[in-house]
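In what follows, a single structure is set out as structure tokens and then discussed.
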Amino acid sequence: MAPSPTRRPALLRRATAAIVIVLAAAVLVPTSASAAGGVAGEVFTLTNAQRTQAGLRPLISDPALDAAAAEWARHLASTCTFEHSTSQWRSTRVAASGWIATGENIAAGQPDASSVMTAWMGSAGHKANILDSRYTGLGVGYATGSCYRSYWVQIFGIGSPVKKLPGGAGDLTSDRNADIVARTASGSLVVYPGTGKSGLASPITLSSTWGAQAFTTLGDFTGDGIPDLARVEANGRLMLYAGDGRGALRAPAQIGTGWSASMQLIGGIDFTGDRLPDIIAKTTTGALKLYKGNGKGGFLSGGGAQIGSGWNAFSAISHAGDFSGDSRGDIIARKTSDGTLWLYPTTGKGTWGKAVRIGTGWRSFTAIFGGGDLNGDGAPDVVGRASDGTLWLYPGNGRGGFLARQTIGSGWNSMAQIG
């Protein structure tokens, strides 16, 4: 029997960790549940506070664990049930990301993060999960429903997670949400902090004197855990603008010369499989050239190897993160002639996978870019600006397709560049 809307907070339940066979990645079904940010982020912080107090190392946050926890929270909320997922269910969602074992806490009815943590810490079994020294990672999910009102899920992981490089600008403000960077027509550079729920907060000025040069999002190019930006100067110098994690940029540093022949730079993608962000340059002839990052704000030797040709047929080329769900980075590109949108997956071995058409009717958009996970469901998204200045979010479904689009802004025609 389904619990009634007037029931008290549900009896807490706990699933212990169990080593599981690593299975092929199954479909991650994005949900409306919050993950990684908001109250789920508060639970994450409070969990690590308990571990630190107990002398244990803090758990790391992982998108795959977050996505699985969010999915199960939504399942509980939408079905008015209260039961654990199975170890096999969790494995199919997180094994490809390097997690070889999982555990789970669930609860329902608690009004806020502090309340659910108090309840869990007051239960011997749940406290044992939270303070289990074997765990190295944690994902948190939260959703609301008509029965217990609030549903909470913790999924703990054991293993060495596979590092996935997100698309888009990344989290420039250190609030654990993906942001959007824009260059205004007057030459200012601003960041719009993401809310983690398909929204954007008020902009923060990164530079009021950026000028007319295009910016490139680099991901964490310097290896300090904070995303960075770059631009090519008129004299061909490539300048690195490292993020400081507080919504500002550090002083620029030159990291290359002779980049004037590049029509566009695509940063943040790991093309070689070493889990370090590289830069791909599209030249005036339509060739793609690879410059391998060293993870320390510079490049490995052998830069400039050609990895593609004929790319002048495409516009709005962008790194979308792991859009296909195979733990490797993907490129999205619009074919100029017919407005189709294409996904070019990487293999993790310095080559391309088979290109797949993932959309039609994109010709009218004046900007298209990978936005990272803007809705907080664990899957990377794509953003498009329509000709009337409306900004549209196309949430990724975690397997190379889209969920229903959402409007996330208007008046964006005033921006000379968005990414």
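So if we plug the beta-carbon distance of T347 and T118 into 1/(1 + (r/R0)^6) with R0 = 56 Å, what FRET efficiency do we get, rounded to 0.05?
So, using R0 = 56 Å, E works out to roughly 0.75.
How much space per residue, in cubic angstrom, does the convex hull of the C-alpha atoms of segment 226-379 take up?
Once divided by residue count, the hull of segment 226-379 is 133 Å³.
Taking a virtual spin label 7 Å from the Cα of A416 along the C-beta vector, which residues in segment 299-318 bring their backbone nitrogen under 18 Å of it?
Residues passing the 18 Å test: none.
Measuring with a 1.4 Å probe in the full set of protein chains, what accessible area per residue, in whole Å², belongs to segment 180-325?
Heavy-atom SASA per residue in segment 180-325 reads 38 Å².
Taking 0.36 nm per residue of separation and subtracting the Cα-Cα distance, what length does fully extending Q50 through R246 add?
68.0 nm
With a bin width of 5 angstrom, please list the P(r) values of segment 86-140 as percents of all Cα-Cα pairs, from the 0 bin to the one holding the largest distance.
4, 17, 25, 22, 17, 12, 3
Which order do you get for F299, F156 if you rank them by accessible area with a 1.4 Å probe, largest at the top?
My answer, sorted largest first, is F299, F156.
With a sphere of radius 14 Å drawn around the Cβ of W311, what net charge do the other residues whose Cβ falls strictly inside it have (Lys, Arg +1; Asp, Glu -1)?
For residues surrounding W311, the net value is +4.
In segment 275-291, which residues have a backbone nitrogen under 16 Å from the label point lying 7 Å from A261's Cα in the Cα-to-Cβ direction?
Output list for this probe position: 280-291.
Based on alpha-carbon atoms only, what is the radius of gyration of segment 73-176 relative to the globular estimate 2.2 N^0.38 Å?
Compactness ratio reported: 1.16.
Can you send over the carbon and sulfur percentage of the accessible area for the chain, probe radius 1.4 Å, protein chains only?
53
So how many Lys-Lys pairs in the chain land under 18 Å Cα to Cα, not counting same-chain pairs under 8 apart?
Final tally of qualifying lysine pairs is 11.
Please give the peptides 112-119, 132-139 ranked by average Cβ packing (other Cβ atoms within 10 Å per residue), highest first, as a rough proxy for protection.
Put in order of decreasing packing, that is 132-139, 112-119.
What's the extension gain from S387 to A404 if we count 0.36 nm per residue and subtract their Cα-Cα distance?
Stretched fully, the S387-A404 segment lengthens by 4.2 nm.
At 222 nm, what value in deg cm²/dmol follows for the chain if DSSP H runs of at least 4 each add -39500 (n - 2.57) and the sum is divided by all its residues, to the nearest 500?
That calculation yields -4000 deg cm²/dmol at 222 nm.
Enter the Cα centre distance for the pair segment 100-130 and segment 365-390, rounded to the nearest angstrom.
Value for the Cα centre distance between the two parts: 35 Å.
Assuming a ≥ b ≥ c are the square roots of the Cα gyration tensor eigenvalues, decide whether segment 305-407 counts as rounded (a/c under 1.5), prolate (otherwise, with a/b larger than b/c) or oblate.
oblate
So how much slack lies between S208 and Q254, counting 0.36 nm per residue of separation and subtracting their Cα-Cα distance, in nm?
Going from the current span to full extension adds 14.5 nm.
Under 9 Å from the Cβ of W392, count the other residues' Cβ atoms, weight Lys and Arg +1, Asp and Glu -1, and hand me the total.
+2
Give me the Å³ per residue figure for the convex hull around the C-alpha atoms of segment 373-419.
That works out to 74 Å³ per residue.
Consider just the alpha-carbon atoms of segment 113-247 and return their Rg together with their Dmax, both in angstrom.
Rg, Dmax (Cα atoms, Å): 20.1, 65.
Using the scaling law 2.2 N^0.38 Å as the reference, what is the normalised Cα Rg of the chain?
Scaled against compact globular proteins, the figure is 1.00.
Under a plain spin-label model, where a point goes 7 Å from the Cα along Cα-to-Cβ, how far apart in nm are A305 and D224?
So the label points at A305 and D224 sit 3.0 nm apart.
Once you have the alpha carbon radius of gyration of segment 177-281, what is it after dividing by 2.2 N^0.38 Å, with N set to its residue count?
Its radius of gyration relative to the 2.2 N^0.38 Å reference: 1.07.
The values are calculated or read from the model by the stated rules, or taken from the named source; none is laboratory data. In this text, all values refer to a predicted model and were calculated from it rather than measured experimentally. No Cβ is skipped: glycine too gets one built from the backbone with ideal geometry, and neighbour counts run over all protein chains shown. These area figures cover heavy atoms from the full protein model, side chains too; ligands, DNA and RNA do not enter into them. Shrake-Rupley method; radii C 1.70, N 1.55, O 1.52, S 1.80 Å.
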